[in-house]
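Enquirer: Pasting a structure here, questions to come.
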Number of protein chains: 2
Amino acid sequence: MWLRRVNSVVVEKVVFFKKNHCIASGIIRGLISSPPHSTAYSSKVSSSSSASLSNFLNLRNSCCCQDLKNLSLFSTSSGFLSSTPDRKVKGLPENWGSKKERSRKPVKIGIEMATDEKIEEILAPLRAAVKEQGDLVRKMKEMGNSEIDVKKAVVELKAKKKLLEDRELELSKTEEVFDRPRMEDLLKRRFFYDQSFAIYGGVTGQYDFGPMGCATKTNFLNFWRQFFVLEEGMFEVDCSILTPEPVLKASGHVDRFADLMVKDSKTGECFRLDHLIKATVEKLQKEKGTDKDKQDRMLQVLAQLDGYSKEEMEGLIQEFNVVSPTTGNPVGPPMEFNLMFSTSIGPTGLVKGFLRPETAQGIFVNFKRLLEFNQGKLPFAGAQIGNAFRNEISPRSGLLRVREFTMAEIEHFCDPNDLTHPRFVEVKDTIMTYYSACDQMEGKRPTRKTIGEAVADKLVANETLGYFLARIQMFLEKVGVNPEKLRFRQHMSNEMAHYARDCWDAEILTSYGWVECVGCADRSAFDLNQHTKATNVKLVAEKRLPAPKKIEQLQATLNKAAIGKQFKQNAKAIAEYFEHIDTSELESLAKSLESDGSMEITVKNQQFKLTPAEITIGKQEKTIHVEEFVPNVIEPSFGVGRILYSIFEHNFKVRPEDSQRTYFSLPPLMAPVKCSVLPLSSKPELLQMVTRVTQELRKREISFRVDDSSGSIGRRYSRTDEIAIPFGITIDFETVKSETVTLRERDTTLQVRLPIDKVGETVRDLATGTLTWTKAMEIFPKFDSQDAS
Amino acid sequence: MWLRRVNSVVVEKVVFFKKNHCIASGIIRGLISSPPHSTAYSSKVSSSSSASLSNFLNLRNSCCCQDLKNLSLFSTSSGFLSSTPDRKVKGLPENWGSKKERSRKPVKIGIEMATDEKIEEILAPLRAAVKEQGDLVRKMKEMGNSEIDVKKAVVELKAKKKLLEDRELELSKTEEVFDRPRMEDLLKRRFFYDQSFAIYGGVTGQYDFGPMGCATKTNFLNFWRQFFVLEEGMFEVDCSILTPEPVLKASGHVDRFADLMVKDSKTGECFRLDHLIKATVEKLQKEKGTDKDKQDRMLQVLAQLDGYSKEEMEGLIQEFNVVSPTTGNPVGPPMEFNLMFSTSIGPTGLVKGFLRPETAQGIFVNFKRLLEFNQGKLPFAGAQIGNAFRNEISPRSGLLRVREFTMAEIEHFCDPNDLTHPRFVEVKDTIMTYYSACDQMEGKRPTRKTIGEAVADKLVANETLGYFLARIQMFLEKVGVNPEKLRFRQHMSNEMAHYARDCWDAEILTSYGWVECVGCADRSAFDLNQHTKATNVKLVAEKRLPAPKKIEQLQATLNKAAIGKQFKQNAKAIAEYFEHIDTSELESLAKSLESDGSMEITVKNQQFKLTPAEITIGKQEKTIHVEEFVPNVIEPSFGVGRILYSIFEHNFKVRPEDSQRTYFSLPPLMAPVKCSVLPLSSKPELLQMVTRVTQELRKREISFRVDDSSGSIGRRYSRTDEIAIPFGITIDFETVKSETVTLRERDTTLQVRLPIDKVGETVRDLATGTLTWTKAMEIFPKFDSQDAS
């Protein structure tokens, strides 16, 4: 997978308080790539207090937004942030405006898709504009307009799409409150993950996972292995990270994974040149009074940005007066910068290598061995979990854009003429959200339907692709992604990687906007072909023909004696050359042999001239029973850090009754520790019971954490909630009397009382999902005398 | 862990056959570092046939060994390799001499420690020689002899130890046959692992794990996590591989992980210079007629080899005429070569980084966060599983010496004054084999006793170290290491890494000799001190004093106004300097202030002179409640690839009844796939049953592999045995009638018949070890009509 850039959206919430009551709040959003407070920002306010309008106006003034004319005002029906003292409101609690909170602004919040008719009304003109432009692009393609004109139209289409999408996000309902700084504080404080080498000042784009993050990641990867590798009978491999140059030359990474970069002439700060030119030109586009010619020129530049040479890019720096965005200093000349980390392998320094930028290539170069392992049969899938490395020019957005990351990739090899899937029937009723290339072109909203319908409608190209999309969704939901914040977006033809024939991304909505977390690409036969070309090792599969077939094949017959005599020590290499020759080359040699009476070949950098005395090329009949073909590859590729981050966001919660109590509602499957054991006091008879309980847990391999510190039980619950422990066993004085303990569930904070003998298997069943908490509540008596919250 | 070099022993077996019966066999061993057929080789024959003596003499002649006078002859009581037609013999089967086998010589075999008195008799003089030299070394140390003299004596001691050890290996009993090429063929053929990027010609020292190897490795790591991290409540972390230079500068890797290397002046082949000089000098030592002076000089060179400068090493090349061992060409000048792979992080190219050479440093730099996570309490352990990289000059011995490898490391932080372990009592009765530094010095054999006794005797320094040694042994046995081929060897003081205070290696006996697979070092406070020095971040723990303590402390009081006036913009840096100053430095400053009336400090490369007008240094009384200390670290460090390789060797088996059938007897825990499902025919009614069975297995998350190919059932069993599948479910025609299947165990090849309803939980319990096969044989009726073998 070659991850694309994240288009990030800043979502900032400003909340105003008066006498402990929130009276107004506003949301300000803008693209991260835009300078702050630019015209790309807009604002929205929600309030149910009549006093709020004037406050909102204050807010408006304080926001420095220039296009607040466009803002929409509506009151929320959920009572969100209302001053009504209703403790049961969904989302943010009524007593949100605690002392500590009031001192923390702005607050960042989460967002969700809206369906309101009213909103659709506002969006209608934007949708129409996208559709109009999309139709234009299509028409231009049909009419055979020049490539550059089409590209220009596409740039405009993208701009209109972006406008629509941002507006959609803005207008969407705000049901949940999400406070990123608070979550990041919790993640750091309880060491889920944090910047690497912090005591040395840290390195940007590198993170260390602490005990809780590491356990969550391990659970994620083990479940991935269970869900995909074991369940589907895939072949997991574990390949080298250090990769010699020729491999990545063949895959295209050496040539295409390079970007042009410029440095600030004074500070030495580095910028990716195409991004910098794009930002500069886009800024210029917005300036008033630019004439039509200049506007056209700018559209042209944006459209061609991928295609300029280094020299042309240098020209653009002059033309648009591109300077460092942080200092305003001029920038130096463009330099090639490959995103791969390079090193040399072995002591001679002659073998250039890279840290792999993706795990996929390890599977491709092992294709033959895997095919053999599967006794020559297709389809089969290779899978790999492992680290990959990209020397990002400017890493950012926490785990979303890093230099060292874990990927989990699948390469499903199949017959390109048979893309049915035997287990498709098992997933066909899965309802999913599709944002097709067409819908994007036409400014439509994503559609929802079953994957069965989607494949039948040809929205998704075939069963195999459909099967994986459905499985990806099922997987993501199980690990804790909010299904309402998940969509599958199809790449438009102009944004697809050069190798891909079709590609759908599982995108997850976070406070950074929609983030591509899983790519599912049809790579066709690209990679296997490339490695075959580079190595002369045929990476093909065979399939039995329905009936034996007679074919005529061009074949070279060598007069070995003559060749040996004439070419001596080179004779062997020449013979080998003809063993590996392909048909088209043989054809052209045959032609020149016929027309010129001789032919020339190049072997080991030497030229050899052969005449009919040494070689004859003629057609020969051959009966074949099997047919060779290069398999098609479907590649689901998971960015583990990105998904983990999204899961943390979707599961970050604040207790309605106490805004200071934050926790992660991770599914038990993902929870780093399954169970806490909390003795009410440190009396020896209670501690004895702790040992009995932990033995029960150890026996069943349930991870647990004992907290026998002196804090109140409520405080200790809250500490275990913070690290997402889903179940808590409390040992109280009753335990000593009746050999029973209480069991508390994290999200509901409800408790039951059960015998020690039962606690091991009950927690195991709850943790593995074979028992639900609701069911457990039916089996065992409810308990509520302790401070369970 | 800094792994030491493997001292490899070649073990070659030559078997002679006559009319399908083995009539004689010989074992030839020698150090890999010796040239083949040198005097280091010796030979042994075992045979029970009277005809064998003359054959042995032929063998002797064919071996080119010069010291066959020393060989020992004895007949094996087990009937091993005998011509008696007893099919139940242990070890090699009677019909070993099949056609194919006879064409394959030499055969390599495994070895085991002997206890025979006879052997002890032969070894006695060698033991005495080691003891004598050991005593001499000790005496020289006591007498305060010069370092170089002691070193010379140690070199001789090591040489004598080696002689003894090699002889011990030679004379040890040979019970099992081990055929390395056949095992390697199986590992490659069924793609357990193989060279990386083979289609590109491969890279030495890098391996890709295929489906079976990867699954075995995953099982290994998951069990490691279960056994150590979960069971012991350790804190697992997952840290960055890319490490900035200052971190590895502090750890000592930048300076000490560098070796001198020379290149063959014509081919460019690289050699590690100290190894090359050592080999050259050792060869010269063996030459007859070298005079005493020269012998002394050579001993001196060997003793000082670690301490020579680059220039001195260059002199040695001339002095001993060191040439390329492969071509005899002269070698070029010495070059520094650091074993770490270097790269640069970020686009500027200014941040130099390395691929970590061990995972340990990631834990040390996170010490503060982990201590906080543990609420400031000691002891606790950090753990990490991950890849590390070393740019070996000449990788070899398969998985034993590679450039990219997986480690699993534990850093147990504890109070240096309290090395008791609360769970030591649980392991105290574990019997282990210890090869202490003393025993090595005295030429004694390793001793066996419980770890409880070993700690009581002070053989093992303390409970914490002892606890980990016992746990390491328990772990290794569970994953399939033959306990008879496992010993714990203590480092002698002169071979310990610079940071270590004590170190025991778990060494496993393989066909390459004793291989260090797990190091268990007491690193004292070395690493934390180093990182504190480099970063000024105190990496310490606190402990509550039994009672508050009043102490007098030297303290600097700054006259801020005066300093500000005099040093202006540097005033702040000067104040900070005194915040971090340590007591000894403050003392010396106080002295010079008193004697000279001024003192000088260097801050940010600038010198500042301070007088009593700016600073006073005096003693102040302070009451302290806690005491800071730098924790001690005990580090068990596992080389995953090395252990996996050893497990493959120890579990590689040949069926007694058919030497063509090889398999791995991996414990179910480690087996890559737990169960095979084999329908006797591909009739639809049988295939239907396959689905029912696989559903039962899926439900319980048991990995399985269906083999519905047309091969005979025996052939299919043999194929699943090769990939170590411990249990096989066969679906036959009886299955359709009675809904029962047969279940076969790999090692015994015995079968039972049981209902489909029971097969899921039975296989699960067998695979997790909660049910033994013997027990299962009691529960279900035996079945023996199919060809079960």
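Enquirer: 7 Å along Cα→Cβ for the label point: how many nanometres lie between residue B:657 and each equivalent label in the other copies, listed shortest first?
Expert: The projected label point of residue B:657 is separated from its counterparts by 7.0 nm.
Enquirer: Give, as a single signed number, the net charge of other residues whose beta carbon lies under 14 Å from the beta carbon of residue A:768, with Lys and Arg counted +1 and Asp and Glu -1. Mind dumping the intermediate values first?
Expert: Values: positive: A:478, A:674, A:700, A:764, A:775, B:699, B:700, B:764; negative: A:701, A:761, A:765, B:701.
After counting each charged neighbour, the total is +4.
Enquirer: Right, next: Efficiency by 1/(1 + (r/R0)^6): what FRET value for residue A:146 and residue A:124, r their Cβ-Cβ distance, R0 = 30 Å, to the nearest 0.05? Intermediate values should be presented prior to the final figure.
Expert: Numbers: r = 33 Å, r/R0 = 1.09.
After rounding to 0.05, the efficiency reads 0.40.
Enquirer: I've got another one for you. How far is it, in nm, from the label point at residue B:327 to the one at residue A:135 when both lie 7 Å from their Cα along the line to the Cβ?
Expert: 7.4
Enquirer: Given the rotation that superposes chain A on chain B, what residue of A brings its beta carbon nearest the axis, and what is the distance in Å?
Expert: Closest to the axis: A:343, 2.
Enquirer: For the stretch B:648-789, what number results from the quotient of the Cα radius of gyration and 2.2 N^0.38 Å?
Expert: Working: Rg = 13.9 Å, N = 142, 2.2 N^0.38 = 14.5 Å.
Ratio of Rg to 2.2 N^0.38 Å for the stretch B:648-789: 0.96.
Enquirer: Along Cα→Cβ, 7 Å out, is where each label goes; now give me the distance between the ones at residue A:265 and residue B:604 in nm to one decimal.
Expert: Each label point is offset 7 Å from its Cα along the Cβ direction, giving 2.9 nm.
Enquirer: Taking a threshold of 28 Å on the Cα-Cα distance, which of the pairs B:458/B:533; B:152/B:249; A:263/A:286; A:683/B:478; B:217/B:368; B:152/B:288 fall above it?
Expert: Working: B:458/B:533 33 Å; B:152/B:249 31 Å; A:263/A:286 26 Å; A:683/B:478 37 Å; B:217/B:368 31 Å; B:152/B:288 21 Å.
Where the Cα-Cα span goes over 28 Å, the pairs concerned are B:458/B:533; B:152/B:249; A:683/B:478; B:217/B:368.
Enquirer: A further question follows. Put +1 on the Cβ of every Lys and Arg and -1 on every Asp and Glu Cβ in the stretch B:236-384; which of B:338, B:384, B:241 then has its Cα farthest towards the positive end of the dipole?
Expert: Looking along the dipole axis, the top candidate is B:384.
Enquirer: Can you compute the charge dipole magnitude of the stretch B:499-608 about its Cα centre, using +1 on each Lys and Arg Cβ and -1 on each Asp and Glu Cβ, nothing else charged? Give it in debye, rounded to the nearest 20.
Expert: On the way: 14 positive and 16 negative charges, 158 e Å.
My answer is approximately 760 debye.
Enquirer: Assuming 0.36 nm per residue, please report the length gained on full extension of the stretch residue B:533 to residue B:687 beyond their Cα-Cα distance.
Expert: On the way: separation 154, 0.36 × 154 = 55.44 nm, distance 6.81 nm.
That pair, residue B:533 and residue B:687, stretches by 48.6 nm at full extension.
Enquirer: Just to confirm the numbers: residue A:687, label point 7 angstrom along the Cα-Cβ line, distances to the other copies in nm, shortest first?
Expert: Output for residue A:687: 6.5 nm, nearest copy listed first.
Enquirer: Taking the Cα centre of the stretch A:630-789 as the origin, how large is its charge dipole in debye, to the nearest 20, when only Lys and Arg (+1) and Asp and Glu (-1) carry charge on their Cβ atoms? Don't skip to the answer; put the middle values down first.
Expert: On the way: 22 positive and 22 negative charges, 37 e Å.
Using only the charged Cβ atoms, the result is roughly 180 debye.
Enquirer: Compute, for the stretch B:518-563, the length of the dipole vector about the Cα centre, with Cβ point charges of +1 (Lys, Arg) and -1 (Asp, Glu) only. Units Debye, rounded to 20.
Expert: That gives a dipole near 200 debye.
Enquirer: Using a 7 Å offset from Cα along the direction of the beta-carbon, what are the separations from residue A:580 to the same position in each other copy, nm, ascending?
Expert: Relative to the other copies, residue A:580 has label-point distances of 5.8 nm.
Enquirer: Could you calculate the FRET efficiency of residue B:426 with residue A:351 from 1/(1 + (r/R0)^6), where r is the beta carbon distance between them and R0 is 41 Å, rounded to 0.05?
Expert: Numbers: r = 50 Å, r/R0 = 1.21.
FRET efficiency, residue B:426 to residue A:351: 0.25.
Enquirer: Label the stretch A:281-348 by shape, choosing from rounded, prolate and oblate, from the square roots a ≥ b ≥ c of the eigenvalues of the Cα gyration tensor; if a/c is under 1.5 it is rounded, and otherwise prolate applies when a/b is larger than b/c, oblate when it is not. Let's see the in-between values first.
Expert: On the way: a/c = 3.28, a/b = 2.24, b/c = 1.46.
Here the stretch A:281-348 falls in the prolate category.
Enquirer: Take residue B:297 and residue A:279, extend 7 Å from each Cα along the Cα→Cβ direction, and tell me the distance between the two endpoints in nm.
Expert: The two pseudo-label positions are separated by 6.8 nm.
Read-outs throughout are calculated quantities, based only on the coordinates presented, and are distinct from any laboratory measurement. In this text the structure is predicted, and so the values were computed from the model without any measurement. All Cβ positions, glycine included, derive from the backbone under ideal geometry; neighbour counts span all protein chains shown.
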